[in-house]
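What follows is a short report on a single structure.
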Amino acid sequence: MAMWLFLGSECLLFGGLISTYMLYRGRHSAELGPDQIFDIPFTSVSSFVLLMSSLTMVLAVSAAAQKDDRRTNLWLTITALLGATFVGGQVYEFTVMYREGLGFTTSLFSSSFYTLTGFHGVHVTVGIIMLMALVGINKRSRVPGDKAEVVEMVGLYWHFVDVVWIIIFTLVYLIPA
Amino acid sequence: MAIIERPTDPAPVPAVAGSGAPAVVTPSQAYGVLRRPVSSTGWRSWVFTVDHKKLGIMYGVVAMFFFIMGGIEALLIRLQLAGPEGTVLSAGLYNEMFTMHATTMVFLFVMPMAAAFANYLIPLQIGARDVAFPRINAFGFWCFLAGGLFLNTSWFLGGAADGGWFMYQPNASPLYSPTNGVDFWALGLQITGIASLTGAINLIVTILNMRAPGMTLMKMPIFTWMILVVQFLLLFAMPVITVALFLLMFQRSFGATFFDVAAGADPLLWQHLFWIFGHPEVYIIVLPGFAIVSEVLPVFSRKPLFGYRFVVFSGAAIGFVGWGVWAHHMFASGLGPVSVAVFSVATMLIAIPTGVKIVNWTLTMWGGKIQFTTAMLFAVGLVVSFTIGGLSGVTHAVAPSDTQQTDTYYIVAHFHYTIFGGAVLGLFAGFYYWWPKAFGKLLNEKLGKWNFWLMMIGMNMTFGPMHIIGLQGQPRRMMNWTEARAGEGFFNLGFWNRVASVGSFILAIGVFLFLVNIWYTHRAKSNTPKAPLDPWDARTLEWITQSPPKEHNFDKVPTVHALDEFFHRKYEVDHETGEVRKVATAEEILAAEEAQGDKHIHLPSPSYWPIILAFALPVMAYGVIYNRLLIVVGGLIVLLAMFGWALEPSVADDSDYDPPAEGGGTNKELATIG
Ligand code: HEM
Ligand SMILES: [Cu+2]
């Protein structure tokens with residue numbers, strides 16, 4: 001339940017950030033707006049990777065429910081790797097945009113874009129840390145109480161972060177400014 | 001006290017606290033990195049504790065300290081305004097003073113003091129042995145302390161924040177506020193915000209999951225109910241201010257232009273974000289005070305709370321409607337007539353549930369056998385003062401009249417009647433009422449009454465005249481006023497300003513007497529006797545255990561049959577005569593409970609990680625302001641601490657105890673993580 005509450009709170013965090021972005025997304029110079037700068041195919045692929053990680057997370061949760069430590073660890077690790085790929089992709093995307101001249105302070109659009117997606121990236125990173133901690137705990141088998149429950153909680157977080165990304169992807173990338 | 005108090009033999013649990021020798025605990029290499037802290041006495045038992053009672057007391061002590069700081073700031077402001085052309089403070093310092101006064105009072109006194117009460121009392125009131133996530137609880141406290149200290153170091157590092165507690169942008173951008181004060185403000189509040197958020201999650205889970213058997217939601221003490229509403233408000237309000245503070249930080253420290261009009265930004269963005277948080281925040285501030293008086297009034301009126309259900313539902317209603325009125329703080333900002341009308345009506349609506357509560361309290365006292373103890377005086381004082389504040393609130397819910405009042409001392413009068421009259425008086429009622437529970441001694445009643453009357457008189461002398469001053473047009477946040485424009489006769493600004501300043505010192509003496517009272521009661525030579533188990537003839541579960549409670553709160557978790565469970569165990573209605581008879585004393589009830597005490601009680605063990613994690617945050621914050629390298633250092637500590645935390649079981653292993661436990665303790669109701 002704690003995780004549900006936390007995620008409820010997170011909804012407002014992203015709500016605030018998304019509103020800020022929506023307010024400011026039109027405020028940029030002619031050449032460096034959303035329609036010019038986004039590489040939709042690339043981001044689609046990395047979004048797909050993140051979506052897949054939700055699938056592997058489901059597998060990890062079900063393995064944990066069956067008390068299959070080895071498979072749980074396997075799927076957790078794969079999920080973390082997929083997450084890391086996504087974050088890597090984001091770093092790459094940011095670098096490319098930066099080279100094209102879109103710095104954090106270039107325009108209101110760029111500031112709010114980097115803030116929003118950056119926050120999401122940090123959330124994915126925190127998720128990866130949690131996954132790694134889970135693997136660590138599992139290895140040393142010192143999870144007090146019910147392991148499956150803990151895995152499920154992290155799973156919940158992970159799915160939430162995914163869903164938020166789908167919203168961001170739709171609002172930020174797909175809908176033309 | 002021992003970390004885990006476990007009777008060493010299978011004999012019945014001793015009825016008197018402390019007579020069962022606590023098991024010796026040996027430290028173990030709990031998890032690789034740090035040895036588990038195990039001290040049960042001395043400073044370590046406080047610094048690494050995860051006990052909700054110790055944390056509650058620490059919240060209280062630190063919040064009290066900040067209350068005094070904020071109070072001194074207020075006195076300086078009143079000194080400055082006592083006469084025309086005040087010269088006590090420079091214009092810049094005056095700005096810092098009122099900004100930090102408000103910030104300190106709201107974020108570092110009222111909110112954490114409410115957290116102190118909630119932490120200490122909620123588990124006791126619902127018959128639990130601790131909160132759901134004890135380590136997160138400790139983490140929250142240290143975040144509050146770390147953030148508060150960090151914020152106040154700005155005084156020595158170039159000057160404190162000076163943009164007013166709502167820190168409007170772009171007024172508080174580097175151009176107009178060149179010191180680092182606003183940076184300290186944004187980052188410090190971010191850190192204390194973590195305390196509020198984690199505390200909210202923790203308490204909600206605790207209240208919903210850990211109630212004693214039989215305690216349905218509608219049998220929950222009213223204090224617990226109101227605090228639950230507050231935690232939901234915090235849960236959804238904190239992230240909004242988090243966003244605002246992050247944007248502000250990016251603006252000031254990283255060159256973004258979110259609020260820079262020249263760059264095409266919309267300054268209303270800040271105002272909306274701030275007040276979407278800000279109006280729920282005023283209920284976050286006042287509901288704990290309501291919660292306390294809703295507990296105190298029935299006890300000293302010898303009657304149950306009138307319309308318990310109404311109080312619960314009106315509390316919840318405030319919790320909902322509170323989200324739809326934020327723009328009444330922005331009537332003067334050019335929102336457009338439709339928005340203004342909508343928010344004006346919504347604001348008037350919110351007066352309804354608030355009024356319901358006042359009616360309920362009044363009817364609780366009606367016809368009761370009222371005992372005017374100090375706690376009761378404060379509670380009655382709250383009802384009266386808050387009513388005044390609520391009424392002036394309605395006058396500026398009317399948008400046209402508000403455009404006259406906004407940014408004048410009339411607003412200052414309004415919110416001090418609501419906050420001081422509604423929240424602070426409630427907290428003081430709580431101090432006097434629960435002091436014997438937490439510290440085993442009753443505060444002195446005579447000093448207490450002086451304390452009350454001086455505060456009450458001081459408060460009305462300080463804030464009452466501000467209605468007049470404000471309607472006469474004296475703006476708030478102005479560093480001085482002049483004789484030439486002070487007006488004549490009854491409405492002379494000079495006269496009323498002097499009254500307000502004198503009042504503020506009377507108020508301060510009142511608060512000082514509270515500290516004297518604590519000293520008087522607890523000084524080494526004090527002849528104050530130990531308080532009786534049930535000094536007030538109370539009604540709720542926290543009085544079913546010892547005062548102060550043992551570390552595990554209850555030897556046996558009580559089973560609940562009724563709202564006001566403790567009352568119903570003490571009294572019975574004679575069905576023939578309809579008379580209420582006392583059938584048991586508190587001592588008998590306690591003895592009966594303890595006779596069936598649980599044999600194995602596993603409590604969560606102390607931990608180093610919460611404090612380490614919390615104090616890594618200001619390191620990062622200093623990094624944002626001074627040197628990016630520090631961000632990395634702090635970040636690494638955070639990362640390490642998170643791993644350390646995750647890998648450390650919340651309850652030390654059985655093998656950590658001496659003699660080793662037989663395994664499988666009865667800690668079912670304690671969370672496994674956190
Ligand atoms: C009967 C319910 C209430 C109504 C109708 C009401 C209405 C208002 C309105 C319309 C304003 C904006 C005035 C202006 O800036 O021009 C205001 C300001 C304020 N109210 Fe209330 N209020 C109510 C209760 C409360 C409570 C319970 C609290 C706090 C515990 C509170 C605290 C404040 C504060 C702090 C401000 C000033 C904020 C600032 O400008 O710094 N109010 N109120
Ligand atoms: Cu408001």
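The values are calculated or read from the model by the stated rules, or taken from the named source; none is laboratory data. This is a predicted model, so every value here is computed, not measured. Please note: Cβ atoms are built from the backbone with ideal geometry, for glycine as well, and neighbour counts cover all protein chains shown. When the accessible area is computed, the model is the full protein with side chains, heavy atoms only, and any ligands, DNA or RNA have been set aside. Shrake-Rupley method; radii C 1.70, N 1.55, O 1.52, S 1.80 Å.
Numbers below:
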quantity: The protein assembly as shown, accessible area per residue, ligands and nucleic acids excluded (1.4 Å, Å²); calculated: 38
quantity: Gain upon complete extension [A:Glu100, A:Thr170; 0.36 nm per residue less C-alpha separation]; calculated: 22.9 nm
quantity: Charged-residue dipole, Cβ positions (Lys, Arg, Asp, Glu), segment A:2-174 about Cα centre, Debye nearest 20; calculated: 480
quantity: Accessible-area ranking of A:Glu149, B:Glu281, largest first, probe 1.4 Å; calculated: A:Glu149, B:Glu281
quantity: Rounded if a/c under 1.5, otherwise prolate or oblate - the protein assembly as shown, Cα gyration tensor axes; calculated: oblate
quantity: Solvent-accessible area buried by B and A, counting both chains, probe 1.4 angstrom, square angstrom; calculated: 3100
quantity: Segment A:2-174 - percent relative contact order, Cα under 8 Å, separation 6 or more; calculated: 34
quantity: Separation between Cα centres of segment B:504-542 and segment B:145-170, rounded to whole Å; calculated: 33
quantity: Rh (Kirkwood; distinct C-alpha pairs) - chain B, Å; calculated: 26.3
quantity: Carbon/sulfur fraction of accessible area - segment B:541-595, other protein chains in place, 1.4 Å, %; calculated: 53
quantity: Lysines with Cα under 19 Å of B:Lys54, excluding same-chain neighbours fewer than 8 positions away; calculated: B:Lys437, B:Lys441, B:Lys550
quantity: Spatial separation of Cα centroids for segment B:431-490 and segment B:238-277, in angstrom; calculated: 34
quantity: For segment A:2-174: rounded, prolate or oblate by the Cα gyration tensor [a/c cutoff 1.5]; calculated: prolate
quantity: Whole-Å distance, taken between Cα centres, linking segment B:590-622 and segment B:85-114; calculated: 34
quantity: B:Ala592 versus B:Trp519: modelled label distance in nm, points set 7 Å from Cα along the beta carbon direction; calculated: 4.5
quantity: R0 of 56 Å, Cβ-Cβ distance B:Leu268-B:Thr577: FRET efficiency to nearest 0.05; calculated: 0.25
quantity: Three-way shape call for segment B:541-595 based on the alpha-carbon gyration tensor, with the a/c threshold at 1.5; calculated: prolate
quantity: Simple label model, 7 Å out from Cα along Cβ direction - B:Arg302 to B:Leu93, nm; calculated: 5.6
quantity: In degrees, nearest ten, helix B:91-103 long axis to first principal axis of chain B (Cα); calculated: 30
